[in-house]
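A quick write-up on the structure given underneath.
The values are calculated or read from the model by the stated rules, or taken from the named source; none is laboratory data. Computed from a predicted structure; not experimentally measured. Every residue, glycine as well, gets a Cβ built from its backbone with ideal geometry; the counts of neighbours run over all protein chains shown.
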Amino acid sequence: MKKITRRDFNTTLVKGIGASALVANAPIACAMGTSQERKKLGIALVGLGGYSTYQLAPALLDTQHCYLAGIVTGTPQKENLWATKYSIPQKNIYNYENFDAIKDNKEIDVVYVVLPNAMHADFSIRAAKAGKHVICEKPMAMNVEECDAIIAACIKNNVKLGIGYRLHSEPYTQEVKRFVKEKTFGKIRYISADAGYYSGSNPGQWRLDKKLSGGGALVNMGVYAIQSLIYGTGENPISVSAQEYSTRPEYFKDTDETITAQFEFKSGVVGTIMTSHNVSANRLHAKCERGWFELDPASTYIPLAGRTSRGPLNFKQESQQKLQMDDFAKHILFDAPNLVPGEMGKRDMMLVEAIYKSISEGGKKQTLNFAPKFGFGG
């Protein structure tokens, strides 16, 4: 595996969006750090970009079974800001050079890797070797080989592994799974999922650099659409064909802009996805023999929304990241099901590679041979 250094990433970041600011400068009064009861698991966030800043860290203020115990950052200015804001002791603050010393810190139980995709495997494996449980943000890695390496490292070091698929913990997605399991609307005939956004004009962002991202819309947003088809049918696909389109080739020079793909399932269900960095789209829709169901939006943070042929869905809206991290903590603490295991991330990367291969071969159908429940959590 080719290692992408933090210097490589910082060079690209400075070129693009620069350093991220914290939500607010004022400290938050909260009981964190060494004063936390040890019945809660301590989580260290590796990478303090937008997702950690605006989603994960605030969510960890409300979690029941885990808390923000430490941070890993390559930006010294962020160390003091985060330490003050979240009452993080200096001994729980690391950078990318001394990260491996985290193995000696008994206050940190889980490492959450929130870095550019090219760095997922390196830091997930190092975290496992340090004896820490691992949450790896999606997509799991740059390729299937890296996924295998992460899984193997976690098994060898007897630590748990979860992927940052937050939707499996939230009630709208769980209701879709219930529809499928109980055949609420009968057999599914057709299912479609769209996931994308308009990336604007920021050519320096790391997501448009293939060395750091591994791909474009497909690896970023497309995995949501792939996930939707799978939990929306309860099956793994048996084949896929795909096409790629670009209306802004001068902007999307290195990564895919828009991809469509068609899936077949053993039960006879036909499914389609569209994913894009140039079109805003966020929907799951399933046609069944006795009605239909949909989520629209299907994969935003909050609020989500859903309807069925029998009426609307209405569930409590709360932080998906809070629910996700608590579910993973319960897996570690109480042996609860792992809703998002490493095999799920590997399966999705196998599908990503099959889609890219189909595109390279002019849309040729790719046969898939998954075990029936491979990659399903719980």
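Assess whether P249 counts as being over 22 Å from the mean Cα position of the chain (by Cα) and not hydroxyl-bearing (S, T, Y).
When the stated conditions are applied, P249 passes them.
Which of the residues spanning region 269-293 are within 20 Å of the chain's Cα centre (by Cα) and closer than 19 Å to F185 by Cα?
Across region 269-293, the qualifying residues are R283, L284.
Need a quick list: strands (runs of 3 or more DSSP E) entirely within region 266-311 having at least 3 residues that are closer than 22 Å to V219 by Cβ.
Answer list for region 266-311: 270-276, 278-288.
The conditions are (1) surrounded by fewer than 21 Cβ atoms within 10 Å (Cβ to Cβ); (2) in a loop (DSSP other than H, G, I, E, B); (3) in the same structural domain as H120 (by TED's automatic domain parsing), and M142 fails exactly one of them. Which is it?
Answer for M142: the failing condition is (1).
Can Y198 be described as closer than 25 Å to A261 by Cβ and surrounded by fewer than 21 Cβ atoms within 10 Å (Cβ to Cβ)?
Against the criterion (closer than 25 Å to A261 by Cβ and surrounded by fewer than 21 Cβ atoms within 10 Å (Cβ to Cβ)), Y198 qualifies.
Go through the residues of region 309-319 one by one and say whether even a single one is crowded, with 21+ Cβ neighbours inside 10 Å, in contact (Cβ under 8 Å) with a residue 40 or more places away in the chain and not aromatic (F, W, Y).
Yes, there is a match, as at least one residue in region 309-319 is crowded, with 21+ Cβ neighbours inside 10 Å, in contact (Cβ under 8 Å) with a residue 40 or more places away in the chain and not aromatic (F, W, Y).
Out of (1) in contact with a helix residue (DSSP H, G or I) (Cβ under 8 Å, 6 or more places away or on another chain); (2) in the same structural domain as G271 (by TED's automatic domain parsing); (3) within 27 Å of P116 (Cα to Cα), what's the single condition that is false for K156?
Going through the list (1) in contact with a helix residue (DSSP H, G or I) (Cβ under 8 Å, 6 or more places away or on another chain); (2) in the same structural domain as G271 (by TED's automatic domain parsing); (3) within 27 Å of P116 (Cα to Cα), K156 breaks only (2).
What is the one condition in (1) crowded, with 24+ Cβ neighbours inside 10 Å; (2) free of Cβ contacts under 8 Å to residues at least 12 places away in the same chain that S228 does not satisfy?
Among (1) crowded, with 24+ Cβ neighbours inside 10 Å; (2) free of Cβ contacts under 8 Å to residues at least 12 places away in the same chain, S228 violates only (2).
Going through S267, S276, S280 one at a time, which residue ends up being exposed (fewer than 15 other Cβ atoms within 10 Å of the Cβ), among the polar types (S, T, N, Q) and under 28 Å from P203 (Cβ atoms)?
So the residue among S267, S276, S280 that is exposed (fewer than 15 other Cβ atoms within 10 Å of the Cβ), among the polar types (S, T, N, Q) and under 28 Å from P203 (Cβ atoms) is S280.
Among the residues of region 158-165, is any touching a strand residue (DSSP E or B) at 6+ places or on another chain (Cβ under 8 Å) and aromatic (F, W, Y)?
Looking through region 158-165, none of the residues is touching a strand residue (DSSP E or B) at 6+ places or on another chain (Cβ under 8 Å) and aromatic (F, W, Y).
Checking E294 against (1) in contact (Cβ under 8 Å) with a residue 60 or more places away in the chain; (2) farther than 27 Å from A57 by Cβ; (3) surrounded by 15 or more Cβ atoms within 10 Å (Cβ to Cβ), which single condition isn't satisfied?
Evaluating E294 over (1) in contact (Cβ under 8 Å) with a residue 60 or more places away in the chain; (2) farther than 27 Å from A57 by Cβ; (3) surrounded by 15 or more Cβ atoms within 10 Å (Cβ to Cβ) leaves (1) as the failure.
Can you name every residue in region 257-275 that is in contact with a helix residue (DSSP H, G or I) (Cβ under 8 Å, 6 or more places away or on another chain) and without any contact (Cβ under 8 Å) to a residue 60 or more places away in the chain?
E257, F263
Please state which of the following conditions G342 fails to meet, knowing it meets all the rest: (1) over 20 Å from the mean Cα position of the chain (by Cα); (2) surrounded by 14 or more Cβ atoms within 10 Å (Cβ to Cβ).
So the condition that G342 fails would be (1).
For the subset of region 174-191 comprising residues that are in a strand (DSSP E or B) and not β-branched (V, I, T), which member is surrounded by the fewest Cβ atoms within 10 Å (Cβ to Cβ)?
Across region 174-191, the extreme among qualifying residues is Y190.
Take the residues in region 240-250 that are more than 15 Å from S192 (Cα to Cα) and hydroxyl-bearing (S, T, Y), then tell me which one is surrounded by the fewest Cβ atoms within 10 Å (Cβ to Cβ).
Step by step, filter region 240-250, then rank; the result is T247.
List pairs: first residue in region 153-181 and within 17 Å of S319 (Cβ to Cβ), second residue among the charged types (D, E, K, R) and part of a helix (DSSP H, G or I) anywhere in the structure, Cβ distance under 7 angstrom, at least six positions apart or on different chains.
Filtered contacts from region 153-181: S169/D327.
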